[in-house]
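Data first, discussion second: the structure below is written as structure tokens.
The values are calculated or read from the model by the stated rules, or taken from the named source; none is laboratory data. Values in this document were obtained by computation on a predicted structure and should not be read as measured data. Cβ atoms come from the backbone with ideal geometry, glycine included; neighbour counts cover every protein chain shown. For accessibility, only protein heavy atoms count, side chains too; no ligands or nucleic acids. Shrake-Rupley method; radii C 1.70, N 1.55, O 1.52, S 1.80 Å.
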Amino acid sequence: MSHNTFGHLFRVTTFGESHGPALGCVVDGCPPGIELTEADIQPFLDKRRPGQSKYTTQRQEKDQVKILSGTFEGKTTGTSIGLLIENTDQRSKDYGEIKDKYRPGHADYTYDAKYGFRDYRGGGRSSARETAMRVAAGAVARKVLPPEIVIKGGLIRMGDKAVPDDVRDWDAVDNNPFFAPDTATAEEFAGYLDGIRKKGSSVGAVIEVIASGVPAGWGAPVYGKLDAELALAMMSINAVKGVEIGAGMDAAKLTGEENADEMRFDADGKPEFTSNNNGGVLGGISTGQDVVVRFSVKPTSSILTPRATIDKNGKETEIVTKGRHDPCVGIRAVPIGEAMMACVLADQFLRHRGQCG
């Protein structure tokens with residue numbers, strides 16, 4: 001299987017399956033001399049880890065990361081960094097009854113169509129379990145980035161419930177199980193998702209990720225656009241069906257006067273913008289404003305409601321997906337989105353430094 005690597009100068013290759021013995025990744029391009037230990041990576045994995053509340057899958061994985069290579073005496077050596085997480089709570093028997101059936105909304109059919117066979121245990125390589133390694137790589141990327149760059153993400157919509165556009169309390173994100181940047185909305189999410197969870201169903205979500213402190217000038221015209229690479233990174237996350245930068249799709253509702261991010265000089269004589277409809281990117285290059293990305297995640301396809309499907313023997317049938325699944329995969333997508341933002345920015349930082357000094 002090809003295409004397991006992303007990035008240019010900061011490159012990440014992941015490996016492993018949902019029910020295999022372990023997951024891993026190799027991070028290439030990390031500069032030498034950066035302080036890096038497992039303790040720098042683990043907090044981000046703990047944020048993504050399953051089984052932390054009744055609103056996520058009850059699979060119990062500690063997601064303890066091991067650094068296998070690329071560091072010496074607590075600092076990066078400039079060589080490839082190998083990271084490993086062992087799988088410890090697989091229940092492959094949960095999938096035995098449906099191994100010949102294609103789960104609607106999953107990649108079962110397309111994997112079979114492409115490769116001629118598939119790992120039916122939790123989706124194998126197509127499982128969101130793979131994203132644990134993206135989060136680990138994102139922790140390394142944060143160490144590469146200048147310290148003034150701050151990345152924060154939050155779940156801003158769940159089904160028809162949403163955080164108001166004018167409310168972003170980022171201090172609230174780590175104080176509720178939904179990573180919502182608003183305590184009041186998080187309480188609404190709780191009751192709303194309880195009802196969906198008890199029905200054995202699922203619901204979609206929208207996640208917003210913001211990077212502040214990004215200087216003007218990162219990115220490149222045409223094929224190296226910062227916003228294009230962010231869109232690709234977010235779109236590569238499991239279950240993501242839409243990505244927008246800044247005003248995004250709502251820009252179609254604006255006039256030229258409304259959409260224009262007008263410019264002035266601040267008190268120190270530095271350029272500043274009166275708005276940020278372009279999400280901190282113009283012509284594929286960062287403006288110095290916050291880089292703002294949002295992505296939508298579809299409802300979990302593994303639900304208890306019987307659905308019509310077909311099997312690999314050419315028969316029409318029904319399927320009920322048992323096992324342990326997230327009623328809203330968007331919750332744990334928050335740290336994944338943050339990690340992908342970090343990886344793209346680290347890559348763009350190194351590329352900018354390489355070309356422009």
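In table form, for the structure just shown:
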quantity: Relative contact order (percent, whole number), the chain, Cα cutoff 8 Å, 6+ residue spacing; calculated: 22
quantity: GNM flexibility winner over the chain from A239, A216, A231 (Cα, springs under 10 Å); calculated: A216
quantity: Share of pairwise Cα separations in region 61-208, more than 22 Å, in percent; calculated: 63
quantity: Heavy-atom SASA rank of M340, M235 (probe 1.4 Å, accessible area, largest first); calculated: M235, M340
quantity: 3J(HN,Hα) from dihedral phi, region 97-108, Karplus parametrisation 6.51/-1.76/1.60, rounded to Hz, x for glycine, proline; calculated: 6, 10, 5, 9, 9, 9, 6, x, x, 9, 8, 4
quantity: Scattering curve values for region 233-290, log₁₀ I(q)/I(0), Debye with Cα scatterers, q = 0.12 Å⁻¹; calculated: -0.37
quantity: Percent of Cα pairs exceeding the 14 Å cut-off, where the set is region 127-181; calculated: 66
quantity: Gaussian network model of the chain, Cα within-10 Å springs - most flexible of E188, E148, E257; calculated: E257
quantity: Probe 1.4 Å - accessible area at L226, Å² to nearest ten; calculated: 0
quantity: Accessible-area ranking of E316, E262, E38, E97, largest first, probe 1.4 Å; calculated: E316, E97, E262, E38
quantity: I336, I245, reordered so the largest accessible area comes first (probe 1.4 Å); calculated: I245, I336
quantity: Crossing angle, helix 330-356 versus the chain [Cα axis fit, 0-90 degrees, rounded to tens]; calculated: 40
quantity: DSSP loop chymotrypsin sites (Phe, Trp or Tyr not before Pro) with at most 10 other Cβ within 10 Å: longest gap in the chain; calculated: 224-357
quantity: Inter-part distance where region 297-357 and region 1-39 are each reduced to a Cα centre, Å; calculated: 18
quantity: Residue-averaged [θ]222 nm for the chain, counting only DSSP H segments that reach four residues, each worth -39500 (n - 2.57); calculated: -8000 deg cm²/dmol
